[in-house]
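The values are calculated or read from the model by the stated rules, or taken from the named source; none is laboratory data. These numbers come from a predicted model, not from an experiment. So basically every Cβ, Gly included, is an ideal-geometry build from the backbone, and we count neighbours across all protein chains shown. The area values use the complete protein model at the heavy-atom level, side chains included, leaving out ligands, DNA and RNA. Shrake-Rupley method; radii C 1.70, N 1.55, O 1.52, S 1.80 Å.
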Amino acid sequence: MDTTASKNLIFKTTRVLLILFLAYFFRVVMVDNTILPTPIRNDAREYYSYALNMKFNNTYSRNFPKSVVDPAYTPKPDKVRPPGYSLFLYPFVKFPPDMDMVHQVQFAQVIIDTFTVLVAFGFFKLFLSYRLALFTSFLVAISPHLIAMNIYILTEPYLLLRLLCICTLRQGVCKKAVWVIFF
């Protein structure tokens with residue numbers, strides 16, 4: 001590789017890394033400076049219950065326990081929600097839920113959402129020029145909706161990453177460019 005090509009690659013990589021840093025920074029600032037009175041509610045409560053019951057009762061159930069140490073508590077298994085997000089929550093689950101647990105989940109979602117910006121760049125690079133792919137990934141990085149969703153216990157960061165990965169890999173395989181789609 002000649003020096004011009006290597007300098008160009010370093011320059012392109014630096015631009016992508018700056019956008020990733022910007023995405024990470026906005027998301028961390030949002031998570032650190034937002035206080036939610038009830039961060040686990042609605043469907044997040046069900047996913048939390050699934051993860052909690054998997055961890056402490058070896059059962060996939062959305063029944064919310066009053067105590068995980070009660071030997072009389074046997075949750076009834078069900079299949080109302082898919083297990084993906086519950087498995088994501090599994091390592092973080094504590095009973096009762098506390099703000100430390102919520103903050104750990106939020107930070108993991110920040111990492112996932114920042115990685116989503118990189119995958120979005122790779123996806124856009126498949127059918128746009130480098131500059132347009134960089135610009136669209138910049139828009140993903142600064143999107144207020146995508147930044148704000150990290151403060152809640154939501155499936156969206158996880159699902160968006162999965163969707164973009166599937167689309168990018170599919171397009172990359174079709175173009176026989178799975179690993180070179182980023183540059």
What do you reckon, is V31 in a loop (DSSP other than H, G, I, E, B) and either free of Cβ contacts under 8 Å to residues at least 60 places away in the same chain or out of contact with any Gly (no Cβ under 7 Å at 6 or more places or on another chain) (or both)?
no
Tell me, yes or no, whether the stretch 57-73 has at least one residue that is outside any loop (DSSP other than H, G, I, E, B) and touching a residue at least 12 places away in the same chain (Cβ under 8 Å).
yes
Take F56 and tell me if it is open to solvent by 70 Å² or more (accessible area, probe 1.4 Å), more than 30 Å from A141 (Cβ to Cβ) and aromatic (F, W, Y).
yes
Does the stretch 5-28 hold any residues that are open to solvent by less than 40 Å² (accessible area, probe 1.4 Å) and without any contact (Cβ under 8 Å) to a residue 60 or more places away in the chain, and which are they?
S6
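Residue-wise test of (1) charged (D, E, K, R); (2) out of contact with any Lys or Arg (no Cβ under 9 Å at 6 or more places or on another chain); (3) modelled with pLDDT of 70 or more; (4) open to solvent by 60 Å² or more (accessible area, probe 1.4 Å).
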position	(1), (2), (3), (4)
L128	no, yes, yes, no
H145	no, yes, yes, yes
E156	yes, yes, yes, yes
L159	no, yes, yes, yes
R162	yes, yes, yes, yes
C167	no, yes, yes, no
I181	no, no, no, no
Any residue at all in the stretch 83-95 that's modelled with pLDDT under 90, exposed (fewer than 14 other Cβ atoms within 10 Å of the Cβ), over 18 Å from Y24 (Cβ atoms) and within 13 Å of the chain's Cα centre (by Cα)?
yes
How many residues are assigned to a helix (DSSP H, G or I), free of Cβ contacts under 8 Å to residues at least 40 places away in the same chain and touching a Phe, Trp or Tyr at 6+ places or on another chain (Cβ under 9 Å) if we restrict to the stretch 112-133?
3
